[in-house]
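Colleague: Take this structure, written in structure tokens, and hold onto it; I'll ask about it next.
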Amino acid sequence: MKLETFCQISGLRAASGIVYNNKHLYLISDSSEFLYRFDLQNPVLDKIPLGSKAEENLPKKHKPDFEILTEYDGQLHLFGSGSKAHRNQHIIFSIDSGLYSLYNRSALHQQLAALAKIPEDDLNLEGAFCYQEQWYFFQRGNSKSQQNGLFICNQNWEPLHFQKIDLPKIQNIPATFTDAVLVDDAAYFLAAAEKTDSAYLDGEIAGSLLGKLNLKTFAVEYTQEISHIQKFEGICLYQKTADKIEFLLCEDNDSEVSESVIYRLTLD
């Protein structure tokens, strides 16, 4: 395994999700109402407003908390974490046309919390993708209920199943999901250890790991720590060959500086 700097992006703070498509990076920030597009051939950052009054660097009590960015069938899906009432947005953005639609997923989030038997304030969705005509959402168990898990929904956004997933500890602190990406029939996921028992408040970072989850058996087949000091929040597939897989990662470094470092993680 090799972790290295891939590129630096000025004008973007605290990236929380990443997608690679046609030599462009699409990114989100949990404190922003913009979608960001970075051209890797001509390093320019485009800021796409998601609303007539879109703002950046919103305070915690107002931020949309976009934690999920995933691509499906030529469209980007942005989801709020669901951890507060104003964090229930779902935006579908067409890569080709640049048009987008906005939905409120409050009802879905209420149903997910009920399915997992956790308080609504403990819901904290951090990753998602569509696999075999079903949506998979990764619940970050960094709240008092401490349930890492996987929600499965149909295409009509009806919850079907909740699968609890046990993850290892980092520096004796439980690791919790921060994102995931689909590769063939497996989910490669990120998890971070943070000294907090709140889905709302951040804590001291103890590190991050990469893992592989079998989507047929829900078994965690592999985990490896990739940092003791960084909190990686976004992962996407960059390249896959017969002998290696390359991912791109983004991190939330809790800095006030509007600059983000993108990392490349290579698995042999």
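The values are calculated or read from the model by the stated rules, or taken from the named source; none is laboratory data. Predicted, not measured: the structure shown is a model, and the values here were computed from it. Because the Cβ atoms are built from the backbone with ideal geometry, glycine has one as well, and the counts that use them run over all protein chains shown. The area values use the complete protein model at the heavy-atom level, side chains included, leaving out ligands, DNA and RNA. Shrake-Rupley method; radii C 1.70, N 1.55, O 1.52, S 1.80 Å.
Colleague: I'd like the residue in the range 18-36 that is buried (at least 20 other Cβ atoms within 10 Å of the Cβ) and charged (D, E, K, R) and, out of all such residues, is farthest from Ile92 (Cα to Cα).
Modeller: Here the residue is Asp30.
Colleague: Going through Leu249, Leu209 one at a time, which residue ends up being in contact with a Phe, Trp or Tyr (Cβ under 8 Å, 6 or more places away or on another chain) and among the hydrophobic types (A, V, I, L, M, F, W, C)?
Modeller: Working: Leu209 fails: in contact with a Phe, Trp or Tyr (Cβ under 8 Å, 6 or more places away or on another chain).
Testing whether each residue is in contact with a Phe, Trp or Tyr (Cβ under 8 Å, 6 or more places away or on another chain) and among the hydrophobic types (A, V, I, L, M, F, W, C) leaves just Leu249.
Colleague: Looking only at the range 222-238, which residues are open to solvent by 10 Å² or more (accessible area, probe 1.4 Å), outside any loop (DSSP other than H, G, I, E, B), touching a Phe, Trp or Tyr at 6+ places or on another chain (Cβ under 9 Å) and within 14 Å of Ala206 (Cα to Cα)?
Modeller: The answer is Ile226, and nothing else.
Colleague: Right, something else. If the Cβ limit is 8 Å and pairs must be 6+ apart or interchain, which residue in the range 169-181 that is at pLDDT 95 or above pairs with which residue that is of a type in the set (Lys, Arg) and open to solvent by 20 Å² or more (accessible area, probe 1.4 Å)?
Modeller: Final answer for the pair search is Ala175/Lys169.
Colleague: Given the conditions (1) more than 14 Å from the chain's Cα centre (by Cα); (2) in a strand (DSSP E or B); (3) surrounded by 19 or more Cβ atoms within 10 Å (Cβ to Cβ), which single one is not true for His161?
Modeller: Here His161 meets the rest and fails (3).
Colleague: Name the residue that is most open to solvent (accessible area, probe 1.4 Å), counting only residues in the range 142-158 that are part of a loop (DSSP other than H, G, I, E, B) and within 24 Å of Ala192 (Cβ to Cβ).
Modeller: Among them, the one singled out is Lys144.
Colleague: Mind telling me which of the residues Leu99, Leu115 ends up being modelled with pLDDT of 95 or more and within 30 Å of Lys164 (Cβ to Cβ)?
Modeller: The unique qualifying residue is Leu115.
Colleague: For the range 159-168, state whether one or more residues are at pLDDT below 95, in contact with a Gly (Cβ under 7 Å, 6 or more places away or on another chain) and under 21 Å from Ile68 (Cβ atoms).
Modeller: Looking for residues that are at pLDDT below 95, in contact with a Gly (Cβ under 7 Å, 6 or more places away or on another chain) and under 21 Å from Ile68 (Cβ atoms), one finds none in the range 159-168, hence no.
Colleague: Quick check on this structure: which one of Thr241, Thr266 is touching a Lys or Arg at 6+ places or on another chain (Cβ under 7 Å), surrounded by fewer than 16 Cβ atoms within 10 Å (Cβ to Cβ) and of a type in the set (Ser, Thr, Tyr)?
Modeller: Thr266
Colleague: Looking only at the range 244-263, how many residues end up being at pLDDT below 95, under 26 Å from Asn148 (Cα atoms) and either open to solvent by less than 20 Å² (accessible area, probe 1.4 Å) or part of a loop (DSSP other than H, G, I, E, B) (or both)?
Modeller: Selection size over the range 244-263: 3.
Colleague: Next question. Among what's in the range 75-118 and is free of Cβ contacts under 8 Å to residues at least 12 places away in the same chain, within 18 Å of Asn156 (Cβ to Cβ) and in contact with a strand residue (DSSP E or B) (Cβ under 9 Å, 6 or more places away or on another chain), pick the residue that is least open to solvent (accessible area, probe 1.4 Å).
Modeller: Ser101
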